[in-house]
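A short worksheet on the structure shown next.
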Amino acid sequence: MFRHLCYTSIVFAVVLLVAAACGPAANPSASPGASASASPSASAGTAATTLVIDQDVSDLISLDPAVVYEFSGVLLAHNVYDTLVRFEGTDLSTIKPGLAQSWDTKDAGTTWDMTFKLKTGQKFASGNAVTADDVVYSFQRAIKLNKSPAFLFTDIAQLKAESIKATDASTVVISLPKTASPAAFLTILTFTLGGVVDSKEVKTKETGGDSGSAYLLDHSSGSGPYVVDHWTKNAEVLLKTNPNYAGTKPALSGILVKHVPESTNQQFALEKGDADVARNLTPQQITALQGKAGVSTTTAASLLLVYVGMNALKPPLNNVNVREALRTAVDYDGIIKDLLKGNGKKIQGIVPQGLAGANESAPFQANVAQAQALMKAANVDKATLDFLVPTGTAPGGAAWSDIAVKLQSDWAKIGVTVNIKQQPTADLLTTYRAQQGQLVLINWGPDYPDPDANVGPFTDYKAKSIAYRNGWDDASIAQKGRDAALITDPTARAAAYKVITDYVLHNGPYVVLYQPTELFGLRSNVKGFNWSSIGWVDFASVTK
Amino acid sequence: MRFVGFLLRRVVGIAAVMIGVSVITFAISHVVPADPAVAALGDHATDAQIAAFRAEYRLDRPLPEQYATYVVGLLHGDLGRSIRTRRSVADDLADSFPATLELSLAALAISLLIGIPAGIWSAIYRGRLPDVIVRVAALAGGSLPVFWLGLIVIGLFYYQLGWFPGGGRLDTFVSPPPTRTGLYVVDSVLALDVDALRSSLIHLVLPSLTLGYFSTAVVARMTRSSMLEVLGQDYMRTARAKGLAERLIVVRHGLRNALIPTVTVIGLTFGSLLSGAVLTETIFSWPGLGRYATASAISLDFPAVLGVTLLAAIVYPVANLAVDIAYYWLDPRIQRG
């Protein structure tokens, strides 16, 4: 038996080694489609025309445009479903035609009536023509399903299912109440929620009144440049080109997004040529990659803001001078240079750079003397506050805890002692939402690329979002925010937001720390990877 | 007959364990202060959305009612719906468990095929070079953290040498074989798919060595010490006095007696393999239960956490049952009761 065991061990080891020797170790550039002739993946083409992206996609729960609201889902659905209007590339200031060739907003007395004329010759992947009925079905479907992103239609745009009408095969008329912003609605339509599905096909897939959501969970029915080939849960999603796409044919025939949660593995795979894009690298890894053969690194703007919320219901944070003192004492440059290794911008207003209405004014930088004077003006010598901090890594790549410790030392200089309490984000949010935090370190990203998506939550107490969580009830500024959302003239609107953001900068309960930068590792031959700060890239314009 | 009675007692025991585990896990998972609806919907959700979500998942009902609903579903084979993935937990488990089982079985095979011969070798050559080698290797195996070991192994064998792939279950452009068992090695053999077999075997090497190193070390040390004890017994001297061949003495008289404590350890380490799989799966991008459990726990996905716990609660007693059956075969005294 002893000898038998030894033999078995040897045979087992030999089998493994032979298996190892049989072929190169997962090197797509050396093992193109040849070994995959019988596989569905093979139809995506060889490695030369498939972009392999290593990314943590544990947030992926659906590929249905009416459901997706997670980073991975949005990235994929954006490339599968066309929208009526769109932003092109990284520009978030100019709305361009999508499925609609033109659109027009009319003041119809009690409503805004928005008319969209569809382009001709647009087809879904099934071959069906894109019609106004498909648009109506898609938007009504999103409202009916009422999943995570639906509030953009129902709350922000105050859209009702019956207000979406097809007046002929290529014309859609949407009526919004006068309290909603047509400008904000157009930006919402660029998002995946505005993705148009093939109503004829989806209706055949409906089961039990689910509007086809079981089918669209992991299949696609759109008119975008790509279709969903397969989604192997916890492993990968493969997109293939849409044979009926009306636009320019994409250079890459396949986009493979692999679930690789560990950033070290992503880095290794990128360097070995097993991945073309590494999505979740740390600033240290990006630095390590620089100068290495075959790889390049790139950064892109994001629309996130990392900030500290100061609960104005909790003394001494109810004193505007104390809040100003806390803002004044922080060493913002130190955080960006030392902790983020430069992967962030010094933004102190509540609207990030890249959106209309962004306020570049950044008057605060570690002025201890001025901060002490403000504390004195507030008659506060010393204060002790709880500081809630998420676990893990903050946008921009520094540990949340490192940022918290840095702030703790900055504030100690003006007599404010903070007790750092680290919690998983879900626990922290439960406390924060209930107005129970004192100081809370967290980040915010707009739901749609419009200043209203930040100004509303940060100023309107009644919206029960960020202003509410920090107990800041300033009715006057909230009204100014609501008014600004409805201004149609861009110049006048920008001027209104300047007034609002200047006011919040010195009076609001926020210490806006920075706007993080996104980091990507790429193979050197990957071109056209232009990441939009809303959270996607147009795969159709990527080459390798 | 006695064996059937023994089996029945164990099955009843497993059922009792399951009930206990479900009650305790359910209670613990519902006393954490955070709200799973907030975890699922995030920072931007409105109060109305959160309320609707809580109603959809019956999180707004009293705890005993939630538990009763869960148990009734369980008796109908329904493990509930995952809060994170919004899919049936049973479907999620069916997707992820085979990957973990395949990895754990490969790691177990490695620990038996390497650990037992190494332990015997070490005992026979006690105090000499082979013994020193085995003991040092076993000491390292018992003390290296899986996470660190995994990164080192990937760094060396994938990144530096390029001998093995760095993660996943198959090469990028190889498709999985048609699902019969969910174990890619078995399924690719059944489908006569050579590419998938080669690819799945090669992908198993690094994660199963990483995961199996600790249990290999434990098995080797236990086999060594019990072999040493057995080798000094009177019946071994008798066997030698009878003039039996040394190989026969070691295997038939020595190993069979020495295996009993080793088998106990194997049962216990199978449990540790499943828990070790959590880290190993993360490092090797292995789409298994460990990664599913971690992601579920982080997002306070109670139905998924309960599903994983119940599955583990079945696997542990079943592994122990296998150990007991092995005792039965190894030691006639146990059969006599």
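The values are calculated or read from the model by the stated rules, or taken from the named source; none is laboratory data. Bear in mind that the values here come from a model prediction, so they are computed numbers and not experimental data. All Cβ positions, glycine included, derive from the backbone under ideal geometry; neighbour counts span all protein chains shown. All accessible areas refer to the heavy atoms of the entire protein, side chains included, with ligands and DNA or RNA removed. Shrake-Rupley method; radii C 1.70, N 1.55, O 1.52, S 1.80 Å.
Quick check on the range A:483-502. Is at least one of its residues among the hydroxyl-bearing types (Ser, Thr, Tyr), open to solvent by 50 Å² or more (accessible area, probe 1.4 Å), modelled with pLDDT of 95 or more and over 27 Å from A:TYR69 (Cβ atoms)? Scanning the range A:483-502, I find no residue that is among the hydroxyl-bearing types (Ser, Thr, Tyr), open to solvent by 50 Å² or more (accessible area, probe 1.4 Å), modelled with pLDDT of 95 or more and over 27 Å from A:TYR69 (Cβ atoms), so the answer is no. Note on the range A:48-60: among residues that are open to solvent by 10 Å² or more (accessible area, probe 1.4 Å) and facing another protein chain (nearest Cβ under 9 Å), the one that is nearest to A:VAL237 (Cα to Cα) is A:LEU60.
One residue stands out among those in the range A:126-137 that are part of a helix (DSSP H, G or I) and open to solvent by less than 40 Å² (accessible area, probe 1.4 Å): the one that is farthest from A:GLY212 (Cα to Cα), which is A:ALA132. Residue count for the range A:191-240, restricted to those that are touching a residue at least 24 places away in the same chain (Cβ under 8 Å), within 14 Å of chain B (Cβ to nearest Cβ) and hydrophobic (A, V, I, L, M, F, W, C): 8. Once the range A:97-125 is narrowed to residues that are more than 26 Å from A:ALA184 (Cβ to Cβ) and over 29 Å from the mean Cα position of the chain (by Cα), the residue that is surrounded by the fewest Cβ atoms within 10 Å (Cβ to Cβ) is A:GLY121. Flag: A:THR459 matches the condition of being among the polar types (S, T, N, Q), under 23 Å from A:PHE151 (Cα atoms) and buried (at least 17 other Cβ atoms within 10 Å of the Cβ). When the residues of the range A:320-364 are filtered to those that are open to solvent by 50 Å² or more (accessible area, probe 1.4 Å) and among the hydrophobic types (A, V, I, L, M, F, W, C), the one that is nearest to the chain's Cα centre (by Cα) is A:ALA356.
Among the residues here, B:ASP60 does not qualify as out of contact with any Asp or Glu (no Cβ under 8 Å at 6 or more places or on another chain), at pLDDT 85 or above, under 22 Å from A:LEU60 (Cβ atoms) and open to solvent by 60 Å² or more (accessible area, probe 1.4 Å).
Please tell me if A:GLY247 is outside the structural domain of A:ALA394 (by TED's automatic domain parsing), farther than 29 Å from A:GLY445 by Cα and open to solvent by 30 Å² or more (accessible area, probe 1.4 Å). First the steps, then the outcome.
Details: outside the structural domain of A:ALA394 (by TED's automatic domain parsing): yes; farther than 29 Å from A:GLY445 by Cα: yes; open to solvent by 30 Å² or more (accessible area, probe 1.4 Å): yes.
When the stated conditions are applied, A:GLY247 passes them.
Looking at the range B:201-250, which of the residues that are within 14 Å of chain A (Cβ to nearest Cβ) and hydroxyl-bearing (Ser, Thr, Tyr) is nearest to B:PRO117 (Cα to Cα)? Per the criteria, the residue is B:THR223. Exactly one residue out of B:ILE24, B:ILE50 is part of a helix (DSSP H, G or I), within 9 Å of chain A (Cβ to nearest Cβ) and either open to solvent by 20 Å² or more (accessible area, probe 1.4 Å) or under 30 Å from A:THR431 (Cα atoms) (or both): that is B:ILE50.
Being open to solvent by less than 10 Å² (accessible area, probe 1.4 Å) and out of contact with any Lys or Arg (no Cβ under 8 Å at 6 or more places or on another chain) holds for only one residue in B:LEU192, B:LEU201, B:LEU144, B:LEU206, and it is B:LEU206. In the range A:407-426, the condition of being at negative phi, surrounded by 20 or more Cβ atoms within 10 Å (Cβ to Cβ) and at pLDDT below 90 is met by at least one residue. Criterion applied to B:TYR125, B:TYR67 was being under 23 Å from B:MET227 (Cα atoms) and not aliphatic (A, V, I, L, M), and the one residue passing it is B:TYR125.
Looking only at the range B:117-130, decide whether some residue is out of contact with any helix residue (DSSP H, G or I) (no Cβ under 9 Å at 6 or more places or on another chain), free of Cβ contacts under 8 Å to residues at least 24 places away in the same chain and within 24 Å of B:ASP301 (Cα to Cα). Looking through the range B:117-130, none of the residues is out of contact with any helix residue (DSSP H, G or I) (no Cβ under 9 Å at 6 or more places or on another chain), free of Cβ contacts under 8 Å to residues at least 24 places away in the same chain and within 24 Å of B:ASP301 (Cα to Cα). Each residue in the range A:254-266 was checked for being more than 9 Å from every other protein chain (Cβ to nearest Cβ) and either over 16 Å from A:LEU75 (Cβ atoms) or open to solvent by 10 Å² or more (accessible area, probe 1.4 Å) (or both), and 1 pass. Mind checking whether some residue in the range B:269-279 is surrounded by 23 or more Cβ atoms within 10 Å (Cβ to Cβ) and either within 12 Å of chain A (Cβ to nearest Cβ) or more than 30 Å from A:HIS259 (Cβ to Cβ) (or both)? No, the range B:269-279 has no match at all. For the range B:224-232, the criterion of being open to solvent by 30 Å² or more (accessible area, probe 1.4 Å) and under 30 Å from B:PRO98 (Cα atoms) is met by no residue. The condition of being under 27 Å from the mean Cα position of the chain (by Cα) and at pLDDT below 85 holds for only one of B:ALA107, B:ALA140, B:ALA99, that being B:ALA140.
Yes or no: the range A:97-116 includes at least one residue that is among the hydroxyl-bearing types (Ser, Thr, Tyr) and within 30 Å of A:ALA214 (Cβ to Cβ). No, the conditions are met nowhere in the range A:97-116.
Scanning the range B:113-135 for residues that are surrounded by fewer than 20 Cβ atoms within 10 Å (Cβ to Cβ) and within 25 Å of the chain's Cα centre (by Cα) yields a single hit, B:ARG135. The residues on offer are B:PHE157, B:PHE164, and the sole one that is out of contact with any Pro (no Cβ under 6 Å at 6 or more places or on another chain), among the aromatic types (Phe, Trp, Tyr) and at the interface with chain A (Cβ under 7 Å from one of its Cβ atoms) is B:PHE164.
On inspection, A:GLY471 qualifies as open to solvent by less than 20 Å² (accessible area, probe 1.4 Å) and on the phi > 0 side of the Ramachandran plot.
Considering only residues of the range A:61-96 that are acidic (Asp, Glu) and under 17 Å from the mean Cα position of the chain (by Cα), which is modelled with the highest pLDDT? Spell out how you get there, then give the answer.
Keep residues of the range A:61-96 that are acidic (Asp, Glu), which gives A:64, A:70, A:82, A:88, A:91.
Those still in the list that are under 17 Å from the mean Cα position of the chain (by Cα) too: A:64, A:70, A:88, A:91.
Working: A:ASP64: 96, A:GLU70: 85, A:GLU88: 87, A:ASP91: 82.
If we take residues in the range A:61-96 being acidic (Asp, Glu) and under 17 Å from the mean Cα position of the chain (by Cα), then A:ASP64 is modelled with the highest pLDDT.
Beta carbons closer than 9 Å, at least 6 apart along the sequence or on distinct chains, pair a first residue in the range A:52-67 that is touching a residue at least 60 places away in the same chain (Cβ under 8 Å) and closer than 13 Å to A:TRP231 by Cβ with a second that is open to solvent by 10 Å² or more (accessible area, probe 1.4 Å) and part of a strand (DSSP E or B) for A:VAL57/A:GLU236; A:VAL57/A:LYS258; A:VAL57/A:HIS259; A:LEU60/A:TRP231; A:LEU60/A:HIS259; A:LEU63/A:VAL228; A:LEU63/A:TRP231.
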